[in-house]
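Values quoted throughout were computed directly from the atomic coordinates according to the rules given, and no laboratory measurement underlies them. Treat the numbers as computed from the prediction; the structure is a model and nothing was measured. So basically every Cβ, Gly included, is an ideal-geometry build from the backbone, and we count neighbours across all protein chains shown.
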Amino acid sequence: MEHFSFSSLKSHSSERPCSFSAVTFENSKRYYTGEGTLLDAGQSPHLDVTMVLEVPYPMGKVSSRSRYVYRRGWDHIRDNKENIITLWYIKRGGMTLSQMGNTCEMKAGDFAFTRSNSPMRYENIPCNYEPAEWMFIMFPLEVIHRYFPHGAPICTGINISNERKAAMPMLISMLCEVAESLNREVTDSLIDALLKEAALLTDQQGAQVGRRQSIGEKRIEDINSYISLHLSNPELSLSMVAQGCKISPRYLCHLLKEHNTTFSQLLWTGRLNEAKKWLVRLDKRHYGINEIAYMTGYKSVAHFSRMFREKFGRSPREFRRQEASAEALTGVAEQEDRKGVAVA
């Protein structure tokens, strides 16, 4: 069992995140690398990672009381070209997962797949005052194809139905918590049962596997992914994205023109949509308007407010206040409905 913890990290300022490169374990090259950031770290950041097993498949569990963002970009993929599929399971809290042009919000009891050879980003969502917890198992592509002949659905949150609540959580918990104490035959049997269960739930919920993409579509997806991963960088430019995607700036412009958009439209729309989500998310309510502006790549709050009003017809402050009021009214209505049912 390999273990590391970032609970002893100290941030220089409560408003600045603690950043680090993901640990690469010396005993295996199958763990893929990326960059992690502890947000809201303050004086007591907390991230605890335990790698339970390396053979037959790397697996582990993560616990974090701090908000944590992990990014894997093309620079990491070029240096570490493993082609593996990771199964993620949320035990407590939640996670926002982005890859291949998709974004899914996962809650406790959901699972999803990601692939290592495409840029990805995930951010954990803490559960009140308890640490968020999630587990993961990394599989070679050929193993996944035995259970998902047409490919596993990537970045699609799949909920475990009530009638099957016990099976998958039990299987993945056994694997990610005590697998090193099991013999290989038992571990293989648990893996087989887990992937069969995952395939069955995926089929029941009709999760779709995307069709084969053209080269142009793949490039557009790469561009979108790169921009999404680097939205917070105020210096992000067309030439930086082109370099990150290993294409020329001229070809990038040509691709965007074919899809009836421009780099500026893609960048600023992405930033505005991200800011809109952050303004109403419960775990980001403590951020001020100016902080959200800077976190989504704006250099000035005035510029952010002006663009937000032009797109959504309201200032960021008005939008947040109105959305919070609507949520409160919905909560009151739901409580009254429950009381009415109880009285009836």
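Numbers below:
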item	result
Filter on 277/299; 107/311; 107/299; 218/311 - keep pairs with C-alpha separation over 22 Å	107/311; 107/299; 218/311
309, 72, 320 arranged by Cβ crowding within 10 Å, fewest neighbours leading	309, 320, 72
Segment 215-253 and segment 52-115: distance between their alpha carbon centers, rounded to Å	22 Å
Segment 215-324 - charge dipole about Cα centre, Lys and Arg +1 at Cβ, Asp and Glu -1, debye rounded to 20	340 debye
Rounded to whole Hz, the Karplus (6.51, -1.76, 1.60) HN-Hα couplings of segment 151-160, x for glycine and proline	x, 7, x, 8, 6, 10, x, 10, 8, 7
Order of 281, 115 under a 10 Å beta carbon neighbour criterion, fewest first	281, 115
Amide H partners (placed H, <5 Å) of residue 39, local residues excluded	67, 68, 69
Amide H within-cut-off set for residue 106, under 5 Å, with H built and near neighbours excluded	95, 96, 97
³J(HN,Hα), Karplus 6.51/-1.76/1.60, whole Hz, each residue of segment 215-221, x for Gly, Pro	4, x, 5, 5, 5, 4, 4
Under Karplus coefficients 6.51, -1.76 and 1.60, residue-wise ³J(HN,Hα) of segment 230-243 in Hz, glycine/proline x	10, 4, 6, 7, x, 9, 4, 9, 4, 5, 5, 5, 4, 5
Protection proxy ranking of 60-69, 242-251, 98-107 - average other beta-carbon atoms within 10 Å, highest first	60-69, 98-107, 242-251
